[in-house]
Each structure stands twice: as structure tokens, then as C-alpha cells.
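Notes to accompany the following structure.
The values are calculated or read from the model by the stated rules, or taken from the named source; none is laboratory data. This one's a predicted model, so the numbers in the text were calculated from it and none came from an experiment. Cβ coordinates were reconstructed from backbone atoms using ideal geometry, including for glycine residues, and neighbour counts include every protein chain displayed.
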Amino acid sequence: MECDGIAPGTGNKLPVAVFYDEGISRQIGASMKKLLLTFIFSVAAIVLGGAAGPGAQAQNYPWCAVLNVGALAYNCGFVTVEQCMASVSGIGGFCQLNNTYVPTPPRRRR
């Protein structure tokens, strides 16, 4: 069976060759290089920018509210036991000392 480039029953010619256009290839290559460089510089800026500033620190408070909501839930964001008790009153739970609390050292005066 010979292929004459015509689709059977349609009379339409099928493409028999794909031509390589070097100009388009160069344009795509240049676009990909620009995209890759943009990506590399963006990642570098994010990494270096994050390292330059001070990091976020976890809050450090002495009292935790412990709530029973199917499982135990801890909220260790209270400065005084009174704040903690006000938070758990009416919804159940109890207050306990935060065993990971580390007081901030006093600032030195110059």
C-alpha cells in the first residue's frame, strides 16, 4: 500500500514532513533562558531576604489553658492565672503552669 499524502475518503492532503525553523528555536531558547534566570534570581532573593531579617519567635507565656474538646487542646498564651481562668470559665477546662516557659532575662541598663 502506497502513501500518497491523501487521507482516505477525504481528498485532504496530510502533512508528510515537519520543517525545523531555527529562528523559532532560538526565540524559544532565549525565552527559556530568561525564565530560568528569573526563577533563579527569585529563589535567591527569597532565601537571602529571609536570612537577613530577624526570625519570628514563639510567644512565651507562663500559663496554659487546657480544654477538653474531644482531645486536649492547649492555649499557652496567658500572663496571669486570672487571665487563664477567665478564658476557661463557662467552657470547661483548667489552667496549669507552662512547663516550657522561660522568663526573658532582664535588660541591662547602660
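Every residue, every condition in (1) in contact with a strand residue (DSSP E or B) (Cβ under 9 Å, 6 or more places away or on another chain); (2) modelled with pLDDT of 75 or more; (3) loosely packed, with under 10 Cβ neighbours inside 10 Å; (4) β-branched (V, I, T), yes or no:
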{"position": "K33", "(1), (2), (3), (4)": "no, yes, no, no"}
{"position": "L36", "(1), (2), (3), (4)": "no, no, no, no"}
{"position": "V43", "(1), (2), (3), (4)": "no, yes, no, yes"}
{"position": "L48", "(1), (2), (3), (4)": "no, no, yes, no"}
{"position": "A58", "(1), (2), (3), (4)": "no, no, yes, no"}
{"position": "P62", "(1), (2), (3), (4)": "yes, yes, no, no"}
{"position": "A73", "(1), (2), (3), (4)": "yes, yes, no, no"}
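So the check is Cβ under 9 Å with 6+ separation or different chains; which pairs have a first residue in segment 99-110 that's in contact (Cβ under 8 Å) with a residue 60 or more places away in the chain and a second one that's assigned to a loop (DSSP other than H, G, I, E, B) and among the aliphatic types (A, V, I, L, M)? Partner pairs satisfying both residue conditions: none exist.
Candidates are the residues of segment 64-94 that are part of a strand (DSSP E or B) and touching a residue at least 24 places away in the same chain (Cβ under 8 Å); the one that is farthest from the chain's Cα centre (by Cα) is F94.
Against the criterion of being at pLDDT below 85 and in a helix (DSSP H, G or I), Q27 qualifies.
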